[in-house]
Each structure stands twice: as structure tokens, then as C-alpha cells.
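Everything below concerns the one structure shown next.
The values are calculated or read from the model by the stated rules, or taken from the named source; none is laboratory data. What you see is a predicted model; the values in this text were computed from it and never measured. Note that we place each Cβ from the backbone using ideal geometry, even for glycine, and neighbour counts take in every protein chain shown.
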Amino acid sequence: MLSKYYLYSLRVILFILIQYPFLSYSQKFNITGKVTDEITGSPLIMCAVRLISDNNSLLGGTISDSLGNFQLSASSKGEYVCVLNYIGYSEKKINVSVKSKKTDLGAIQIQPKSKQLNEIQVNASQKNKSLVDRFVFTVDSADLAKAVTSLDVMRKIPDLDVSDINKSISIKGKGSSLILINGVNRGGAINLLSINPADIEKVELIYNPSSEYESEVDGVINIILKNNPTSGSSGEFDLSYRTIYRAAEPAFVYQYGTKRTRFSVNYYPSFKSIPVETELSRVTKISDTLSYKYGSKYNSNDRFELTNRLQGSLDFYINEKNFLNLYIETNLTNSDYKNKLESHSLGLDSVYINSLSTSKTFYNVNNATLYYKKNFDKQGQEFTINNNFNYLIADYKNLFSDTISSSLDKLKKNENREIDETGEKIANNLKLDYLHPLNDILKLSTGVLLYFQSFTYTFLSNNQKNSDVLKNLKWHYYLDLSLKIKKINIRAGSKVENNISDLSNNSLKTQFQFLPSLTIFTQLNKENSLRLGYRKTAFYPSAWQYMPNLVYYDYYNATQGNPDLKPVNQDKVEMSHTFRNKSNSLTTSFFYSHLTNMITSVRTVNNQNISIRKIENIDGKSTVGTDISYNFIYNEILNIKPTVKFFREWFSNKSDSRVNYSFNASLSFSYTHKEKTIVGFDIVANGKQLLVQGYDYTEPSIEDIYIQRVIFKGAGAFAIGVMNPFFIEKTKSVVEDYNFNQNYYEKIYSSCFFISFTYNFAKGIELNMKKIDRQTEKDLK
């Protein structure tokens, strides 16, 4: 096959050279373009390109280079025909009107033939590709024809979970998914509404992240945009409103594209007022004959939260080999809660407390990212620089007015308290990566990361002030090798990491890690694939967790950080089988993970009936289980996505060991009628989640039932529905220890009706049926 390919190209070149040896002397008008695969969008190398006159005379010819680019010349202005021929692809003819010295035809897509060509079969329906660590979904014209937002495109990808509740996407079965745009880590959350779907070329789902990525990342979604941005203006306006507790989240998105640049600015204000109630009961055994009891009821019905989020992004395609991105984001949140707490402590002295409090929060996060990518002449060889700067300032202020009565002194007294916590962080993350294919079967990737942060924490309580400064310097170096042996793809890598931290200039710590990884993948046939992965990772405590101050949130409950925390290590092994048939997919995974030095909250109760929640390391936690996800699409009308996860988890801490069997399950259903109306619902159910001293349990819920209708001739959509129609969202936490038992209940009144409206302006793009994005209150937990 390869020899015939080169012989064909050679014959074209020789034919051109023999018939037109002096053609170069008369070249005046340049014609340029780029040849790409219509299905994958990949550049086609050594494609034969000919220039034909209006009387069918051959005027010249050339072949495309390693990036698919070509250049022809005409001797005069006029009308011509450009003919493209490539082995395994249909011939393509383009009418060319030459009116100036330079004529750019842009990207020219040619279609693969579907018939058998010797040992390789090219099938136009095969737009998806599985690699050693990832699944690549190439967006075609059919996906874009009805898409308005990028969420519509993401719904086409079988292995993605698309949440219309919080405008997010994640890889099925993965706990945390990092979203990249053109490989750029922007250092913050990505709002998918800011991406014009017409600009999406392909989406990469990385199931087993390599040593290149941080340990917190369980999966990676890399949205790759086209080199030629969509020209002109496009944008979207979204608005939703929920009854009962008044909440609105509008979104304003604007994008403007030129031949080499893509500029976007996005504004997302959000207003929330969500009632919350909690109830706590605790029994502490002091001796065989004496027990203390504590109980409290808390409600917060007068709540105000306003968030303003502004983003700006600029993509600049300098040329075919150089790309630059600048991204800036600011996020400002103000909240004001009026709270009421009734509590009592029953023991040798019975104390009753009524507390009215005001909680004020100010939170400001600023991110700035600069990204540069250099492609070399050798296909697949590239160098990238990603620098992210972050500045955060947060202020949590609580003012308490307490009325206290005691059974011993028979008196009531009034006290006022103030707790003020502030945090300020300056951080910079610099990452350099280099990718180099050594030959056809071996590829090398390597890189370094340098991270620095300075975090200042100030704690003020009743005019007593404490302040600590945490400085942290982390670097890592990684090396990955990818090897292909027949049908087996192997990627082996390792990372060395060093973390140096200093708390208030008196506790310098150095933590060194060696983190190996291995992934093996094979495509059994057209529909079935197997993947086996192992990865060792390290997780470091947050700056807040290091702070040693004992913070009393009421008279009988306090929390405390721990400056002696160790990093957490995780060893994870996963084997998965995936069956794909067109838009339908079934993935079954078996996994085992073990955490060493797990960081968690450990509660103790002293003889004064005061509960102290301290951040500590425990010996470990292990989890083994299976994860099954299915995506069923029938004729683009019916879409059903069930997922279920069964697992066994167990903690070990000193001499104590605890075991739990549990599950997580979800079901998403939607039905589309005549491309105008969509009806659907979402259901979530989870079993008990094991804690080191107890467990968490959240009641199952029907998250939403909705109906949506396209309006304005496809330029808008209107939706109504109900959220959590049969349940108040309830969470129960149980803490069990050798001397005390504690039950905690939380109620969030999220049952409500909602109204949503979407309007889109984008030249040449019709509105597809899509579920209007809505927000629930899971971010409160």
C-alpha cells in the first residue's frame, strides 16, 4: 500500500516536471491552500494538487507538505480549476477565481472512499478513534448542523456525562475531570457556553492520565478547536429562574473570530437565596454512670448570595506552527446570611443557648493564563509552555449574639462574639512539555513543572488575633514512553516530585515522591477494546488544612487544622472493556485503589462536652468494585444513559477497621419530538458513603422533570419543569466512636418550579433541541 502511494505521487511529480520545465519563470499569481481529511480534519501529506485552465490544459502541479499545505502559481488573472487527488480519497475539483497576487483557498476537505484499498479500509463513518490512553471524537458537519452550544456537541460523545443542572461535563466513572481547551489548563472552571460549537474540531477523553498531569486529575477532557476560527460574531443569552427561594443565573456570551484570532468575553452573574436547616444530636459517655448530651437546631431562611464572574480569552494562530492563548478571569462573590441556632448541653450542668448570627462572606479569585505551543516540521513533535498566575482573597466573618441560661446559676446572660477568618494566596504555576516521536512505533514525552504559593491566614476571635504564613514550592519532572507492538499499545512513565513547605518560618518540610504509571490498550476489533492501567499519585494538604488555630463556631463545636500533615499516596489499578456501536456504548470497569496516610476529619469529645474536629492522617482506605455505564441513542429521538457503580470500601486506622458495601446510580432520559420538543428527567441514588468514624447518606432524588420547546424559528428555546418534586434534599451524617455517637441531618429546600429561556445569535447556525441549563444547590455541600 505504501509503495503504491509513493509511486503514484512520483508519477504525478514527473509528469509535471517533464511537460512544464520552464513554468517557474512565468509564475506571478500565487494560489495557496491546505488539504485535510473531511472526517478527521487531519492534514493530508503528499496530496497531488493540479491547476487546470478553463480549456482543460494543465498549467502546473505540486504536492502538499507535512502540514497539508500547498502552493501553486498562475501566469495571469482568470478562472481556473484546482484538482486534488489522494490515494483512498475521492477526487475533488474547486473553481478558483484569481484576481490578485495572492489567492488563499483555505482548508480544503476531501472525502475518503468507503471501498477496500489493498490492506487498508477507509470508512467515512469511522470518525471516532481509540488510542492507548484516550478516545478521540472528531466533530463532523452532522454534529454541528443542529448544535447551538458546545453542550449539544458533548451530548454526541458516548463516554461523557453532560449535566444540564450545573453546565458541566465529566468522563463516565471518573471522579474529577480536568477540562482543557486546546491543551490549555486555565487554572479554573470552564464554562462550556463560552465555546462556539462551530469551532470544535475534536474532543479527546483521556481515561488514564499520564505522568504529565497532576495527581488530583482522574480523567482529562481536551477540547481541541479548529485552527481557522469561525468568522464574525456569535453569542448566547441564557436565563433561568426558580420559584420558592428566588434564584437566577443568567449568562451572556460573546465571541468574535477572524482568520487567525478568536476573541471571547463572557459574563455570568448569579443570585441565590436558598433555605437550609440542620439538626444535630450527640451522646457522649463520660463514665459508666455519666453521659453528656448535646443537641442543636439551625435554620437559615434569610440568605443572599451574589456572584459575578467575568472571563476573557484570546486565541492567536500566529502561523501553522505557532499558537498563543491569553486567558483572564475574575470571580467575585458576596454573601449575607441571617442564621438562628438553638442548642443545649445536658450533663452535670444543663446549658441552653439561643444564638442569632450574621455571616458575611467576601470571595475574590483572579486567574491569568499564558499558553504557547510550537509545532515542529516532524509530525507530532511539539513544545508547549503553560503559565498560570492566581490571586485569591477570602474573608469569612461571623457575628454572634448569644443568650445563655444555666441550670446551676439560674441566670441568663447575653454575650456577643465575633469570628473573622481571612485568607490571601498568591500562586504561580509554570509547566513546560515536550513531545517527540522517535519513530513509527515509539514516542517520548517529557516535561517539568514549577509551582509556588504564599498563603497568609489571619484568625480573629474576640479581639485576639493570630496569623500564619504558609510558603510552598513544588517541582516535578516526568518522562513517558509510548510503544506500539502490533495491536498492543503500551505507555510507561514515571514522575519524580519534590514538595517543600514552610509554615511561619519554623517548620520546613521536604517531601519527595516517586510516582510510576503504566497503561496497556488493545483494540480487539471494530467494536471492542480493552484497557489496563496503573497509576501512583500523591496529594498534598490544602493551605487551610495546615492552619493550627482552634476555631469555635459555637460553645460546643470547634475545628482545628494540623501543621504536621503528611501527603496522601494512592495506588490505583483499573481494567475496562468498552463496546461501541455507532452512538451506543457500554463500558464495564473493574478497579482497586488504596490510599495511604489519608487526610480526613477525626472528631473527639472532651469532658466539657466540646466536640473538636481535627484534620489528621489515618493509616489508609481501600476500595474495590465495578463501574458500568451505558449510552443508548435511538434514531436521535430517544436517549437513555444509565450508570451504576458497586463497591466495597474499608478503612484502617491504628487498631480500628471499618467495612462498607455501597453503590452509586443515576439515570438520564430524554425524548425528542419532531426536533422541536424535548421531554426528560434525571434521577440520582447513592448508598452509604463510609467515613473514618461513621458514614454519609443522601436520599435518592428526581433531580428534574422538564419539557422544552423551540421558539423564534429556531433561534430560542423555552422550558418549564420541576426540580426535586417528591423529596426535600436530605443528607444524614453519622459519627460513631468508642465514647460518643453523633447524628447530623441537613435539609436543603430545593423542590421548586423553574422557568428557562435561551436565545442564540450565530450566523448560519440553527438552534438544536437542548435541555436548558439549570442550577441546584449541590455546591453548598
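Just a few scattered comments:
- Within the set Val12, Val49, the sole residue that is modelled with pLDDT under 65 and not small (Gly, Ala, Ser) turns out to be Val12.
- Entirely in region 273-354, the strands (runs of 3 or more DSSP E) that have 3 or more residues that are more than 24 Å from Ser733 (Cβ to Cβ): 291-319, 322-346
- Restricting Ser601, Ser576 to those that are in a strand (DSSP E or B) and either without any contact (Cβ under 8 Å) to a residue 12 or more places away in the chain or more than 25 Å from Leu518 (Cβ to Cβ) (or both) reduces the list to Ser601.
- For Leu524, the conditions (1) in contact with a Ser or Thr (Cβ under 9 Å, 6 or more places away or on another chain); (2) over 28 Å from Gln560 (Cα atoms); (3) of a type outside the set (Ser, Thr, Tyr) all hold with the exception of (1).
- Selection status of Ala558, in the same structural domain as Thr456 (by TED's automatic domain parsing) and closer than 30 Å to Glu415 by Cα: yes
- Candidate set: region 438-453, residues that are buried (at least 16 other Cβ atoms within 10 Å of the Cβ) and not aromatic (Phe, Trp, Tyr); chosen: the one nearest to the chain's Cα centre (by Cα): Leu449
- Those residues of region 557-611 which are surrounded by fewer than 18 Cβ atoms within 10 Å (Cβ to Cβ), of a type in the set (A, V, I, L, M, F, W, C) and at pLDDT 90 or above, in sequence order: Val573, Met575, Phe579, Leu586, Phe590
- Test: residue in region 75-86 that is of a type in the set (A, V, I, L, M, F, W, C) and modelled with pLDDT under 85: no
- Counted residues, region 592-625 - those being under 19 Å from Lys536 (Cβ atoms) and among the basic types (Lys, Arg): 1
- Residue check, Lys259 in the same structural domain as Asp336 (by TED's automatic domain parsing), assigned to a loop (DSSP other than H, G, I, E, B), of a type in the set (Lys, Arg) and more than 16 Å from Tyr337 (Cβ to Cβ): yes
- Being in contact with a Leu (Cβ under 6 Å, 6 or more places away or on another chain) and under 22 Å from Asp696 (Cβ atoms) is a condition met by no residue of region 623-642.
- Condition check for Ser287 on (1) closer than 17 Å to Phe757 by Cβ; (2) surrounded by fewer than 16 Cβ atoms within 10 Å (Cβ to Cβ); (3) out of contact with any Cys (no Cβ under 9 Å at 6 or more places or on another chain); (4) not basic (Lys, Arg): one failure, at (1).
- Residue within region 620-636 that is among the aliphatic types (A, V, I, L, M), over 30 Å from Ser670 (Cβ atoms), in contact with a Ser or Thr (Cβ under 9 Å, 6 or more places away or on another chain) and assigned by TED's automatic domain parsing to the domain that holds Tyr540 present: yes
- Scanning region 195-243 for residues being of a type in the set (Val, Ile, Thr) and over 15 Å from Ser150 (Cα atoms) gives a total of 4.
- Selection status of Phe323, under 32 Å from the mean Cα position of the chain (by Cα) and either among the basic types (Lys, Arg) or closer than 22 Å to Asn196 by Cβ (or both): yes
- Among the residues of this structure, Asp682 counts as one that is of a type in the set (D, E, K, R), in contact with a Leu (Cβ under 9 Å, 6 or more places away or on another chain), surrounded by 15 or more Cβ atoms within 10 Å (Cβ to Cβ) and over 27 Å from Ser281 (Cα atoms).
- Among (1) closer than 30 Å to Phe383 by Cβ; (2) crowded, with 20+ Cβ neighbours inside 10 Å; (3) out of contact with any helix residue (DSSP H, G or I) (no Cβ under 9 Å at 6 or more places or on another chain), the one test that Gly257 misses: (3)
- A single entry from Lys374, Lys397, Lys378 fulfils the requirement of being basic (Lys, Arg) and not in a strand (DSSP E or B): Lys378.
- Any hit, region 571-582, residues being within 30 Å of Thr422 (Cβ to Cβ) and either of a type in the set (S, T, N, Q) or within 26 Å of the chain's Cα centre (by Cα) (or both): no
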